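Q: Here's a structure for you.
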Amino acid sequence: MIGEVLDPEHAAIAFEPSSKPVPVEERARLLADPGFGRVFTDHMAMIEYEDGRWSDARITARHPFTMDPASPVLHYAQEIFEGMKAYRRPNGGAALFRPEANARRFAKSAIRMAMPPLPEEMFLESVRGLVRADRDWIPDSKEGSLYLRPFMIANGSFLGMRPSTEFIYAVIASSVGSYFKSGSPVISLWVTRDYVRAAPGGTGEAKCGGNYAGSLIAQAEAVREGCDQVVFLDAVERRWVEELGGMNIFFVFDDGSLRTPPLDGTILHGVTRDSLIRLARDMGLEVREELYSIDQWRADAQSGRLTEAFACGTAAVVTPIGRVKGRDGEFSIGGESSGPVTQRLRTALVDIQRGTAPDPYGWTEPID
Ligand SMILES: *Cc1c(COP(=O)(O)O)cnc(C)c1O
C-alpha cells in the first residue's frame, strides 16, 4: 500500500494509509456529537522544508512530532496556520470552499513571519489529498463539517534570534459540529480596554499562533465578565472596533446597509468576511468598509439606527451579536435575537458551502 497514489492526476502525493484506522462503529459514535476540535481523523498531510527546498507531499497516519527542545517554534513562535472546511454535498460527495483564498493567505502569513511561502498548488494538493483520505470523517449532520487545519512550524535546534531554515508543514483534520455549544446562539461581547490584539506594523494580518496567545487573557476577561467573546479596539486610539479574537465583525443599519472595519493592516482578511461582502452587494445591500467607533456603536444601538451586528469566520460561520458590555456599561442590539439580514446572509453562504443552492461565484470545489 505504501506509495499508493491517491489520484493518478495528483501523483505528487504519496499515500501511506494508517495501519490502525478508527473502527467504523467507533467513528460513527464520535461523529454523532463531535463538538469542535476534539475528534481527529486517521490521517495527516506532511511536507518538510530543508536546504532551501520542499519535500514531496505525503498523506500518512496521524502521528506525534518528535522535536528537539531547542526547536525555534517552541521559543520564538515562528508558526502560522489556516482554518478551512470540507462540507458534505447533497449527493454524498465532499467540497471545499474557496481553498485558493486560504492558500494565498497562508503564503502571505509565511512571508510576514519570515518563513518560506508554500507554493499554493502544494497547499491545495495537500488539503485535497487529506480530504480524499478521510472523507468518511465528514459528518452528515446539518451543522457538521470536516475542519481542516494546515499549519507550519519552524524546526531545528538553535536558540539564536534568526529565522529558521527548517520547517514542517502539516494538515490535520477534525470532524466538527457547531462551534458554539448551543448550536447557533446569539453571543455577547466584552469590549476590552486593557489589551489590544494587533498594532500597526504588527502581525494582526497574519494568521499566526502568537496573535491567539496574546488574546487569550482578554478572552478570559470576557468570560469572567459573563460574555462569550472579546472584541478588540484599535491599538492607537483605543476607539475603533477591529474584530474578535478569531472572527471579523459586521454592523447592520436600519436602512439595510452594512458596515465592516476596513483591512488596514491590523485585521485578519477573513474569507467569510470577503464572501459576505460579495453576497450582500449582490443582494443589493450597500456595504461600506469603514471605521466604526465603539461610542458610535453604542449610540446607534441605543437610537435604533443599528439594528443588527454579527461576527463571522469559517469556524463559527455567521453568529449574531446580542449584547455588548464594556467598562462603561452595557447595551443590547435589536431584540437580542438573530436579525433578518444576519439570517439571510448566513443562509445564502451556508447554502452555497453545502451545495444546497447554486454557486454562481465558483467558490466551491468538489473533491472526488
Ligand atoms: C481566521 C480568522 C478570522 C476568520 O477568517 P475566515 O477566513 O473567515 O475563517 C477572523 N479573524 C481572525 C483573527 C482569524 O484568525
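Q: Might you let me know whether region 208-224 holds any residue that is surrounded by fewer than 20 Cβ atoms within 10 Å (Cβ to Cβ), in contact (Cβ under 8 Å) with a residue 60 or more places away in the chain, small (Gly, Ala, Ser) and within 11 Å of the ligand (Cβ to nearest atom)?
A: yes
Q: Any residue in region 240-257 that is outside the structural domain of Arg323 (by TED's automatic domain parsing) and on the phi > 0 side of the Ramachandran plot sitting within a Cβ distance under 7 Å of a residue that is of a type in the set (Asp, Glu) and within 16 Å of the ligand (Cβ to nearest atom)? List the pairs, counting only those 6 or more apart or interchain.
A: From region 240-257, no pairs qualify.
Q: So, in region 82-112, how many residues would count as being assigned to a loop (DSSP other than H, G, I, E, B), more than 14 Å from the ligand (Cβ to nearest atom) and in contact with a strand residue (DSSP E or B) (Cβ under 8 Å, 6 or more places away or on another chain)? Walk me through how you get there before you give the answer.
A: If we filter region 82-112 for residues that are assigned to a loop (DSSP other than H, G, I, E, B), which is where we start, we get 82-83, 89-93, 98.
Narrowing the set further to residues that are more than 14 Å from the ligand (Cβ to nearest atom) leaves 89-93.
Within this subset, residues satisfying the condition of being in contact with a strand residue (DSSP E or B) (Cβ under 8 Å, 6 or more places away or on another chain) are 89, 93.
Going through region 82-112 one residue at a time, the tally reaches 2.
Q: Here's something else I'd like to know. Please verify whether Pro262 is within 16 Å of the ligand (Cβ to nearest atom) and not charged (D, E, K, R), treating the condition exactly as stated. Reasoning before the result, please.
A: Details: within 16 Å of the ligand (Cβ to nearest atom): yes; not charged (D, E, K, R): yes.
Answer is yes for this residue.
Q: Considering only region 10-52, state which residues are polar (S, T, N, Q) and within 15 Å of Ile138 (Cβ to Cβ).
A: Passing the criteria: only Thr41.
Q: Before we move on, is Ser175 closer than 29 Å to Leu74 by Cα, assigned to a strand (DSSP E or B) and away from the ligand (no atom under 16 Å from the Cβ)? Full working, then the answer.
A: Working: closer than 29 Å to Leu74 by Cα: yes; assigned to a strand (DSSP E or B): yes; away from the ligand (no atom under 16 Å from the Cβ): yes.
In short, yes.
Q: Continuing with the same structure: Run Gly160 past the list (1) surrounded by fewer than 21 Cβ atoms within 10 Å (Cβ to Cβ); (2) modelled with pLDDT of 95 or more; (3) farther than 25 Å from Phe36 by Cβ and report the number of the one that doesn't hold.
A: Here Gly160 clears every test but (2).
Q: On to the next question. Which of the residues spanning region 243-257 are within 16 Å of the ligand (Cβ to nearest atom) and surrounded by fewer than 23 Cβ atoms within 10 Å (Cβ to Cβ)?
A: Within region 243-257, Gly245, Gly246 meet the criteria.
Q: Output yes when any residue across region 2-14 is in the same structural domain as Met152 (by TED's automatic domain parsing), under 17 Å from Val131 (Cβ atoms), at pLDDT 95 or above and not aliphatic (A, V, I, L, M), and no when none is.
A: For region 2-14, residues in the same structural domain as Met152 (by TED's automatic domain parsing), under 17 Å from Val131 (Cβ atoms), at pLDDT 95 or above and not aliphatic (A, V, I, L, M): absent.
Q: Find all pairs meeting these conditions: Cβ atoms under 6 angstrom apart; at least six residues apart or on different chains; first residue within region 185-200 and of a type in the set (D, E, K, R); second residue part of a strand (DSSP E or B).
A: Close Cβ pairs (under 6 Å, with a partner that is part of a strand (DSSP E or B)) amount to Arg197/Phe232.
Q: Output the residue which, of all residues in region 112-153 that are over 19 Å from the mean Cα position of the chain (by Cα) and aliphatic (A, V, I, L, M), is surrounded by the fewest Cβ atoms within 10 Å (Cβ to Cβ).
A: Across region 112-153, the extreme among qualifying residues is Ala114.
Q: Assuming Ile187 fulfils every condition listed in (1) within 15 Å of the ligand (Cβ to nearest atom); (2) under 30 Å from Asp56 (Cα atoms) apart from one, which condition is it?
A: Looking at each condition in turn, Ile187 falls short on (2).
Q: Separate question: Hey, which of the strands (runs of 3 or more DSSP E) in region 269-368, taking only ones fully inside, have at least 3 residues that are in contact with a Pro (Cβ under 8 Å, 6 or more places away or on another chain) and surrounded by 13 or more Cβ atoms within 10 Å (Cβ to Cβ)? Talk me through it step by step, then tell me what you get.
A: Numbers: elements: 287-289, 306-313, 317-326, 329-332, 364-367.
In region 269-368, the matching strands (runs of 3 or more DSSP E) lie at 306-313.
The values are calculated or read from the model by the stated rules, or taken from the named source; none is laboratory data. Keep in mind it's a predicted model, so treat the numbers as computed, not measured. So basically every Cβ, Gly included, is an ideal-geometry build from the backbone, and we count neighbours across all protein chains shown.
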